Every structure is written in C-alpha cells, then in structure tokens.
Amino acid sequence: MTTNAFESLHCLIYEDTFDAGRWLKHGLPGLSEKPLIRVVSEIGQLEQRLREDDYHLAFLVVSQLEINDFLFIQKLDFCPPFLVCSSNRAVAADAFVLGASGFLSSEIQPKHLSQQIGQLLAKNTMSLGASQRHRLQMPFIFVKSDYKLVRLNFDDILFVEGLGEYLRIYTDTAKYVVLQSFSRLMEVLPTQQFLRIHRSYLVNLYKINFIQNNVVSVGNHQLPISKSQKKPFLELIEQVGLL
C-alpha cells in the first residue's frame with residue numbers, strides 16, 4: 001500500500017496526550033495537510049466521531065491501553081479497522097484483546113510506516129474500500145484482577161459489589177476485585193441484563209432466584225434492595241417481561 005493510497009482515506013486518530021500522533025502523521029506525508037484526517041484527544045470524542053462519521057481507518061495512539069475505557073468499540077454497529085500505536089510494547093496484547101487489526105510501535109521508521117500498516121490490514125483481511133465494518137457485540141468483558149487480565153462472560157456474573165474505589169465481581173466459582181467505578185462498568189454491561197438494586201450492588205437479572213420484601217436472592221447470596229432503587233428495579237423487571 002503506497003502513501004498515495006492513504007490520501008483517499010478518511011482517517012481518525014485518537015491520541016491520549018497532546019500531539020502524541022505527530023510521528024504517525026509525519027510518517028504518512030500528505031495526510032496532515034488534508035481534511036481527510038481528524039485528531040481527537042478525549043475518549044468521549046472518539047466514541048462520538050465513530051458513531052456519527054464514516055472512517056476507513058482509525059488509530060489509537062496511547063501510552064497505556066485501559067481496555068474497559070474502549071469497550072464501546074465492541075458495541076458499535078459499525079466500526080472501521082483500527083490500529084493501536086504505542087512505544088510501550090506491553091500494550092500489544094491488550095490491543096488484540098480489544099479487537100484491533102494490529103499493533104504499531106511508535107519507534108517504527110517513517111519510511112516503513114505505510115508499508116507496515118498495509119501489511120497489517122492485509123493480514124487481517126480488512127477491506128479499505130468499504131466505508132465501515134460491522135462488528136459483533138461481544139458477550140464478555142476483560143477485567144484486571146490479581147495482575148491478570150481475566151475474561152468474564154456476562155452470563156457468568158452473579159452480581160457486583162461496590163467497595164469504594166474498587167468493585168468485587170462475583171461468579172458461581174470465583175470473585176474478582178478490580179479497580180473500577182460502578183458508572184464505568186455499567187457503560188459496558190448490557191442494561192437489559194444488569195440492574196442496580198442498591199448503591200453497593202448491581203445484579204444479573206438472569207441469576208436472580210427470587211425477590212422477597214427488600215431482599216434479592218442471587219446464588220447463595222442475599223442482597224438488600226434500597227428504598228430508592230426498589231420501585232425502578234421492579235418497574236424495569238416488569239418492562240423486560242419477567243413478571
């Protein structure tokens with residue numbers, strides 16, 4: 001793939017620090033002077049642009065890759081091929097977990113950059129002629145717990161307990177303590193399956209044994225329903241047809 005081929009592409013670059021993608025733009029002569037490239041520096045802007053605009057190719061230029069911050073990519077109806085770029089090679093494993101087409105080291109020489117990108121895209125059989133690519137929603141998330149990256153299927157999660165800045169995620173066979181907020185986790189969990197019943201508890205509807213008074217039975221656990229959450233909780237259950 002030649003440099004000229006990139007001039008006809010509509011590209012999006014996300015950079016986690018100011019001008020972190022300069023090496024990328026300089027490695028693709030012509031792109032930085034064209035209106036076909038857009039640079040954003042906030043994750044919210046990245047999500048908005050991917051939802052509202054058509055791109056042929058996207059780049060995530062990061063020093064660290066927090067997978068949960070980018071899981072919205074897996075929930076997009078359409079997503080262009082995207083490459084994760086970093087000087088930190090430890091990011092490569094997380095890039096492929098997220099579903100990236102490839103990983104690029106920011107140490108690559110500019111003259112080899114377009115060739116490397118072309119090889120990565122060809123290897124992943126991505127079509128740059130199409131404006132967008134359909135991406136299936138993934139029925140799982142990855143969490144960091146005990147220095148490991150653990151895959152958790154949504155259907156395996158019983159409930160989540162809030163512990164200040166941490167969360168404890170319970171399954172039938174284990175529990176995982178992760179550094180994450182309730183609000184951030186709720187952004188990536190399917191809303192029709194997981195409901196907040198208390199400021200400290202989020203439950204999987206499919207795992208509820210019974211509801212009695214102000215208590216929800218999930219697995220072998222009895223969880224409280226707060227007064228403020230009980231009415232919306234029961235209303236939502238009724239809406240999804242479980243009553």
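Some points to look at:
- Peptide packing: for 172-184, 198-210, the average count of neighbouring Cβ atoms within 10 Å per residue gives the ranking 198-210, 172-184, highest mean first.
- Subtracting the Cα-Cα distance of residue 49 and residue 193 from 0.36 nm times their residue separation leaves 49.1 nm of extension gain.
- Within-12-Å neighbourhood charge of residue 46 [Cβ basis; K, R +1; D, E -1]: -4
- Residue-wise HN-Hα coupling along region 41-47, computed from phi with Karplus coefficients 6.51, -1.76, 1.60 (Hz; x: Gly, Pro): 10, 10, 4, x, 5, 4, 4
- Local electrostatic count at residue 180 - Lys and Arg +1, Asp and Glu -1, tallied over other residues with Cβ under 11 Å: -1
- Binned Cα-Cα distances of region 140-239, short to long, each 5 Å bin given as a whole percent: 2, 13, 26, 27, 19, 9, 3, 1
- Region 69-113-region 174-206 distance, computed between alpha-carbon centres (Å): 27
FYI, it's all coordinate maths here, none of it is from the lab. Since the model is a prediction, treat every value here as computed from it, not as a measurement. Every residue, glycine as well, gets a Cβ built from its backbone with ideal geometry; the counts of neighbours run over all protein chains shown.
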